[in-house]
Structure formats: structure tokens, C-alpha cells
Amino acid sequence: MSSQPTAESLAAGEHSPAASMIAIARRQQLQDFWFHKITMLFSLVVLFALIGIIASLIIKAVPTFQKFGLGFVWRIEWDIVNEEFGALISIFGTLASATIALLIAVPLSFGIALFLTENCPVWLRRPLGTAVELLGIRTACLAVHLRPNARDWITVWRGHERYRYSGSRADSGFHDFALHRCRDA
């Protein structure tokens, strides 16, 4: 069937603007249907992956909680010799580094966004926007590799006594940590 209307098709009304609009609407409706189904599929894949990660974490954590109890989450001890372990320093370090990252990133990103949309010359918006995006990607990659170990600098207050973790990386790649009681000067 040719795309050019013939005398017979024009007489039959097949190439009228209304018929053309109906054909476009049907095609778009079909595209919307498949887009919705594919998007739903990918969102379910992400949901099931998240459920799998959570289930895996729970299954892998059961032996730890059986051995050390629920107090493992709130304890700060990390004594390899006596096999006493706690996760508070790691949890605190994760929350502290995430908070610091947000305190830096949110105002900076709003400032860049305001500059790019309000003050930046039109000819510079696209290249500068692309450079900022690439810089953000590179910074995220570096942050994963260069982030400091929380146990090296975090001081945890426990009652009236302060405890500090200090650690060093051994040649084997494992961390060797010691809990030191800080002396108030």
C-alpha cells in the first residue's frame, strides 16, 4: 500500500485528517501500553532485587545475632582477641559520612542549579552543565575509593568515659583495631 493517497482512497475517506489522527492515536496508545508494561517489568525487577538484598542481609546476619545478641548493634567493642564485637562505630561512621556528604552536596547542587538556570550565559549552559555532571560522577567514584575509615577518627561518648577507635591496615589487608580509653586533659 503506497503512502500517497489515490483517487479511490480519497473518495472513500481513508486519508482524511480524521482517519490519520485516529491511526496516530491508536499507534500511540499501543506504544503507551508497551511502555507501561516494560516500565512495570523493570520496576518489579528493582523491587525484587531490593527484597533479595534485604533477605540476603537478614540471612547472613542471623549467626551474628545468635552469637552476640541484639546488643551487637549498640555495642562499640571490637576486640578480636576476646571475640567481642559491636557495630555502633560502623553504623555511626556510615551515618556521619552520609550526613557530611549531604551537608556539602545539597547547597552546592542548589547553587549550581540556580547559576545554570538564572545567571549563566546561554552559550555556556550546556558545556558547563555537562562538565558539572561529569565532575559529579568522577567525585562519586573517588569517594568510594578514598573515603576515610570511620574508626580512625570517630570518638564515641559512652557514659562519662570517652572511647576512641584507632586502626591500621595490616599487610594482609585486614584491619587491626584497638579500643583506647581517651584521657581527658
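Summary of values
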{"item": "Loop GluC sites (Glu not before Pro), region 11-118, which have at most 10 other Cβ atoms in a 10 Å radius of their Cβ (DSSP)", "result": "83"}
{"item": "Protection-proxy order for peptides 55-65, 88-98, each taking the mean of Cβ atoms within 10 Å per residue, highest first", "result": "88-98, 55-65"}
{"item": "Spacing of the two label points (7 Å from each Cα toward its C-beta) at residue 23 and residue 35, in nm", "result": "2.1 nm"}
{"item": "Sites residue 51 and residue 113 - FRET efficiency at Förster radius 30 Å, r taken between beta-carbons, to 0.05", "result": "0.30"}
{"item": "Added length on full extension, which subtracts the Cα-Cα distance from 0.36 nm per residue, residue 61 to residue 122", "result": "16.6 nm"}
{"item": "For region 21-69: rounded, prolate or oblate by the Cα gyration tensor [a/c cutoff 1.5]", "result": "prolate"}
{"item": "Distant-in-sequence amide H partners of residue 120 (H built 1.01 Å from N, under 5 Å)", "result": "none"}
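Every number in this text was worked out from the coordinates using simple rules, so none of it is lab data. Every value quoted in this text rests on a predicted model; they were computed, and no experiment measured them. We place every Cβ from the backbone using ideal geometry, glycine too, and count neighbours over all the protein chains shown.
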